[in-house]
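**Q** Supplied in structure tokens, the structure appears directly below.
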Amino acid sequence: MRSTTKYILLVVFIAVTGTWSCKKWDEHNTVGQQALNENLLEQINKNASLSKFSEYLTKTGLDKVLSSSKNYTVFAPVNEALAALPADVVSDTAKLKAVLQNMIASQQFFTRNAMDSIRVAMLNGKRVFFYNKKFDDANIKDADIAVRNGVLHIIDKVITPLPNVWDYVVTSASTYTQNGYISSLNFLQQDRTKAVLDSINPITGDSVFKPNTGMVVVNTFKTKVYDIAAEDSLYTYIVLTNPGFNSEVDRQRPYFQSSKTDIVTNNSSWNVVKDLAISGLYTPSQLPSALLSKFGVHVPINQAKIVETRKVSNGIVYVLSEAACDMAEKIPSFKVEGEYPSRFASTADKYLTKIFYRNRLNTLTGLNFKDIYMNLGSSGANYYVDYLTNQLYTGKYKVYWVAFSDKTISGQGDDPYGTDSTLQQILQIGDYSFSPVYTPVFNKQMAVTPRVYSEVYLGDYTNASYDYPLSAPPATDRSDTASMKRIRLLAPATATTGVPLNLTLDYLKFVPSF
């Protein structure tokens, strides 16, 4: 009897609990269903804490956007937060609209999407961090209110649009010499999407556009370093105070000497600024002792030298009083690869058929390498191959080569080529010239011992002038030959008995002397 009573009580409890649970679930469904039947504007209008936001939506015309059928995510600040907006923003419809657009996204974003930090694309083209219960540095008071055309989050702070790095550079150009210099690097370029089509090339099928149509202003820093105006990327930008910037420019001047003062200043300035935009966001708590630039230069960051930190829409800006980079990284060693010649003494078949571009294995390093081998034999007297470079800045360089000579089977598996004898070859360095007369200032003949993989020191070369504008627009990079150097690998005029007039080169290396 006692067991039966317990059973009856249990059944009654389950029935009552079930009725209560169903009632609560029905209420939940009723609330959810009601919200899903409303659009964003209707949901905002019924919330008393968002009345000011609703008023501003109507004032700017964004009320029509949020009542449309397209999906949006709205981060709506409460009345108290909007009360802090400056009067000049509230009274200017365009400024007010830009602020509101910075809190409206054209896709749906729930807090479950923001477990890891994401950057939400807003209607004004900016991106704002959304993570956990935060929208930038605003707290989300009520989250994930799903409605018919999107999602509503209620926040406790207005998130105003910030300038991006490029905006900062331009607006502070009169304050910082560095930013004034970068802002000056503008040039005109034809944008084919805006240019007027003139004709179609009948041979290539390429479009031909009318000259001077679709011209747009482009900046060299944005094309050669990073497009620091891009809102979908993140950058850490270092700007030096004027004394700090001038000091760094002066450190570069000895390596960019020229008869033209403006080229000296321009190249020295460029060699400073090209390393001061870093890909990625490094907040103050994440700053390492050095940031690595796109060009492999470590920019030292001494936190005691930071005089200002500024948040921007696509990253962060640090103003430093000093950031002296290692000169060995600013003026680095470089190589001229043998397999990329610019010109041969002759392009006759009797020579070209004897030129081999090889893939070999360096037994010292265990690495593969490519080189050029000219199997010229007795017909190679005075034959040469030329290389061009504009990477030799002013100053002294130690010159090395790796020239690998051997006797081997060709890639086609036919007769062996090469030699077991010690070759003689000459390296010359001189100015680029269209004249047939070549006058080298460096002239060194050296022996090439068979099967030697190591670098061989050839001597010192001093370059006295550098007139190439480093910050020239990309389209004109090779049009200025003022600082171009012609490097010639030359066979002797006469051969030693039993020694062919072959030429070989893996690479040349130029190491600056500081």
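No value in this document is a laboratory result; all are computed from the given coordinates. Just so it is clear, the structure is predicted and the values come from calculations on it, not from any experiment. Cβ: placed from backbone, ideal geometry, glycine included. Neighbour counts: every protein chain shown.
**Q** Would you list which lysines come within 21 Å of Lys354, measuring only between C-alpha atoms, while excluding same-chain residues fewer than 8 positions from it?
**A** Lys370, Lys407
**Q** Extension gain Ser513-Leu388, at 0.36 nm per residue separation less the Cα-Cα distance, in nm? Intermediate values should be presented prior to the final figure.
**A** Details: separation 125, 0.36 × 125 = 45.00 nm, distance 2.13 nm.
Length gained between Ser513 and Leu388: 42.9 nm.
**Q** For volume of the Cα convex hull per residue in Å³, several values are listed as (i) 141; (ii) 313; (iii) 161; flag the one computed from this structure.
**A** Calculated volume of the Cα convex hull per residue in Å³: the matching label is (ii).
**Q** Rg to Rh ratio, segment 238-302, alpha-carbon atoms and Kirkwood radius?
**A** Numbers: Rg = 13.5 Å, Rh = 13.0 Å.
With Rg and the Kirkwood Rh in hand, the quotient comes to 1.04.
**Q** Calculate, in whole percent, how much of the Cα-Cα pair population of segment 29-155 lies beyond 19 Å. Let's see the in-between values first.
**A** Details: 3558 of 8001 pairs.
Tail fraction, whole percent: 44.
**Q** Same structure again: How far apart, in nm, are two points set 7 Å out from the Cα along the Cα-to-Cβ line at Ala146 and at Ser67?
**A** The modelled label-to-label distance comes out at 2.5 nm.
**Q** When the helix-only estimate is applied to the chain (DSSP H runs of n ≥ 4, each -39,500 (n - 2.57), divided by the residue count), what is the mean residue ellipticity at 222 nm, nearest 500 deg cm²/dmol?
**A** On the way: 14 runs with 124 residues, N = 514.
Taken over the chain, the calculation gives -7000 deg cm²/dmol.
**Q** Taking 7 Å along the Cα-to-C-beta vector as the label spot, tell me the Glu80-Ser184 distance in nanometres, rounded to one decimal.
**A** 5.1 nm
**Q** Farthest toward the dipole's positive end in the chain, which of Ile355, Leu82, Ser342, given Cβ charges of +1 (Lys, Arg) and -1 (Asp, Glu) about the Cα centre?
**A** Positive-most Cα among the choices belongs to Leu82.
**Q** Something else: Under a cut-off of 16 Å between alpha-carbon atoms, report the aspartates and glutamates in cross-link reach of Lys294, not counting same-chain residues fewer than 8 places apart.
**A** List returned: Asp227, Asp275, Asp326, Glu329.
**Q** Something else now. Could the peptides 218-229, 303-314 be put in order, highest first, of the mean number of other beta-carbon atoms found within 10 Å of their residues? Mind dumping the intermediate values first?
**A** Numbers: 218-229: 19.5, 303-314: 15.2.
The packing order, highest mean first, is 218-229, 303-314.
**Q** As a quick test, which of the pairs Lys64/Lys97; Lys59/Lys126; Lys59/Lys133; Lys398/Lys444; Lys134/Lys157; Lys260/Lys330 have an alpha carbon distance above 19 angstrom in this structure?
**A** Working: Lys64/Lys97 13 Å; Lys59/Lys126 22 Å; Lys59/Lys133 29 Å; Lys398/Lys444 13 Å; Lys134/Lys157 10 Å; Lys260/Lys330 22 Å.
Pairs exceeding the cut-off: Lys59/Lys126; Lys59/Lys133; Lys260/Lys330.
**Q** With each label point set 7 Å from Cα along the Cα-Cβ vector, what nm distance links Phe434 and Ser49?
**A** That separation, rounded to one decimal, is 7.5 nm.
**Q** Then there is this: Given 0.36 nm per residue, what is the gain on full extension from Asp191 to Ile409 after removing their alpha carbon distance, in nm?
**A** 73.3 nm
**Q** Moving on. When the chain is fully extended, how far beyond the present Cα-Cα distance does Lys133 get from Glu308, taking 0.36 nm per residue of separation? Show your work: numbers first, answer last.
**A** Numbers: separation 175, 0.36 × 175 = 63.00 nm, distance 2.86 nm.
Value of the extension gain: 60.1 nm.
**Q** A further question follows. Cut-off is 10 Å between beta-carbons; in what order do Thr177, Thr93, Thr265 appear when sorted fewest neighbours first? Show your work: numbers first, answer last.
**A** Working: Thr177 19, Thr93 13, Thr265 16.
Ranked by crowding around the Cβ, least crowded first: Thr93, Thr265, Thr177.
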